[in-house]
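Asker: Here it is, the structure in full.
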Amino acid sequence: MTLQPRSSPSIQAPACAWSHAEAGPETMQAIACAPGTRGAWIPVETPIPLPGPEQVLIRVLSAGFGHWDVLERDGRLPGTLVHASAPWIGGAEGAGTVVEVGAHVQRLREGDRVCGLALPCAPRYGFHAQFALVDADRAWRIPARLPLHHAAALPVDGGLAMHAVAHVLGLGAGDTLLLLGASGGIGHMALQFARQRGARVLAVVSGADGIALAERLGADMAIDGRRQDLAAALRIFAPEGPTASLLTASDAGIARIAVDALRPGGRIAWPHGVTPPPARADIAATGFGAHAGATSMQAACRAIERGPFHLHVGARLPLSRIADAERLLTAHHLGRVVLDIP
């Protein structure tokens, strides 16, 4: 797909953030979608919005791209207006520079390097655009050690990873974690947060490249879940059974092994969208969602500052190739996919 913006009068925007030509542009290039219309990524040119009292306007340089962006476009993400009369601009997460703040915003100011979350509400000004509009409490200063295009993929998966490790599983020294999907978006960050907190980690990944990544990020043991015997690995890694499991991918066979292997009183967790594991009476089982992840973003940023930490970008494409990015999500890839914004 070639990004050839067309004027889009159907997208209703507030007054332009810059009222004088010398202060900046009045319109922006974006990719809009009509929720409920599968496969439709629509290049548009639309007015730059003005932040409300509790919002910030961000000049976007990179956007994270995940399955949730496709679900939103297809009208299958909770909160999406399936029957919206006008296209809206997608892109749940991204990073860039604050260019304008609302009247009541005090924590952030113009010039701050931030990453943020744009909630699926109308009007929608997400990160698939040159400018994004987000609530100030959903924007965070980027840790100094994190490149900006890496930070674009932090708000969704980074928040979820920290929430799982610190709050749901409460990992610390002495814990042993079985981590399924350890080379994926949530998984590779959760691996590092768990190791920072003193837990030992058995990483279950896909492919030799996944094993190499998990080992590089500090896994105590890494196996290919499709080709190697998880039960045998667990007998070596945690003979009495792991104390915790985090499932960031759906695999019924591995989920059953994970549940059966946990020692009594153990904990198992999974993000919404992953098939819940079988029940077991003597373990704590918890599913969690994106809103919980947002509450853990500040803790994730602090952990990244302490380091070491690596957010793995497996593919980086220009916004004009968003359709190619969608295809990558269904193919084998490590870490995250990121879109660069012109």
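Asker: Check off (1) more than 22 Å from Leu317 (Cα to Cα); (2) hydroxyl-bearing (Ser, Thr, Tyr); (3) crowded, with 24+ Cβ neighbours inside 10 Å for Ser62 and give me the number that stays unchecked.
Answerer: Result: Ser62 fails condition (1) only.
Asker: When only residues in the stretch 301-342 that are in a loop (DSSP other than H, G, I, E, B) and hydrophobic (A, V, I, L, M, F, W, C) count, which is most open to solvent (accessible area, probe 1.4 Å)?
Answerer: In the first step, residues of the stretch 301-342 are kept if they are in a loop (DSSP other than H, G, I, E, B); the result is 307-312, 330-335, 341-342.
Restricting the remaining residues to those that are hydrophobic (A, V, I, L, M, F, W, C) gives 309, 311, 331, 334, 341.
Working: Phe309: 31, Leu311: 1, Ala331: 51, Leu334: 23, Ile341: 16 Å².
The extreme case among them is Ala331.
Asker: Which residue pairs have Cβ atoms closer than 6 Å, lie 6 or more positions apart in sequence or on different chains, and pair a first residue in the stretch 230-254 that is without any contact (Cβ under 8 Å) to a residue 60 or more places away in the chain with a second residue that is of a type in the set (Val, Ile, Thr) and surrounded by fewer than 18 Cβ atoms within 10 Å (Cβ to Cβ)?
Answerer: Ser250/Thr275
Asker: Condition first: over 20 Å from the mean Cα position of the chain (by Cα) and part of a strand (DSSP E or B). Now tell me which residues in the stretch 251-300 satisfy that.
Answerer: Arg267, Ile268, Ala284, Ala285, listed by residue number.
Asker: If you don't mind, another one. Name the one entry in Ala95, Ala129, Ala32 that is over 24 Å from His333 (Cα atoms), open to solvent by less than 10 Å² (accessible area, probe 1.4 Å), modelled with pLDDT of 95 or more and touching a Ser or Thr at 6+ places or on another chain (Cβ under 9 Å). Quick ask: steps written out before the conclusion?
Answerer: Values: Ala95 fails: over 24 Å from His333 (Cα atoms); Ala32 fails: modelled with pLDDT of 95 or more.
Within the list Ala95, Ala129, Ala32, the selection yields Ala129.
Asker: List the number of the failed condition for Leu247; all other conditions in (1) open to solvent by 30 Å² or more (accessible area, probe 1.4 Å); (2) under 27 Å from Leu77 (Cβ atoms) hold.
Answerer: Every condition holds for Leu247 apart from (1).
Asker: Any idea which of (1) more than 29 Å from Gly94 (Cβ to Cβ); (2) buried (at least 22 other Cβ atoms within 10 Å of the Cβ) is the one Ala279 doesn't satisfy?
Answerer: Condition not satisfied by Ala279: (2).
Asker: Report whether or not Pro53 is open to solvent by 10 Å² or more (accessible area, probe 1.4 Å), of a type outside the set (A, V, I, L, M) and at pLDDT 95 or above. Step through it out loud before you land on a result.
Answerer: Values: open to solvent by 10 Å² or more (accessible area, probe 1.4 Å): yes; of a type outside the set (A, V, I, L, M): yes; at pLDDT 95 or above: yes.
So Pro53 passes the test.
Asker: Could you list, in sequence order, the residues of the stretch 225-244 that are open to solvent by less than 40 Å² (accessible area, probe 1.4 Å) and assigned to a helix (DSSP H, G or I)? Before the answer, list the steps.
Answerer: The first filter runs over the stretch 225-244 and keeps only residues open to solvent by less than 40 Å² (accessible area, probe 1.4 Å), leaving 225, 230-234, 237-238, 241-244.
Scanning the stretch 225-244 gives Leu230, Ala231, Ala232, Ala233, Leu234, Phe237.
Asker: Out of Ala222, Ala252, which single residue is at pLDDT 95 or above, surrounded by fewer than 21 Cβ atoms within 10 Å (Cβ to Cβ) and under 20 Å from Gly184 (Cα atoms)?
Answerer: Working: Ala222 fails: surrounded by fewer than 21 Cβ atoms within 10 Å (Cβ to Cβ).
On inspection, the qualifying residue turns out to be Ala252.
The values are calculated or read from the model by the stated rules, or taken from the named source; none is laboratory data. Given the structure is predicted, the values throughout are model-derived calculations rather than measurements. Note that each Cβ is placed from the backbone with ideal geometry, even for glycine, and that neighbours are counted across all protein chains shown. Note: areas computed on protein heavy atoms with side chains; ligands, DNA, RNA excluded. Shrake-Rupley method; radii C 1.70, N 1.55, O 1.52, S 1.80 Å.
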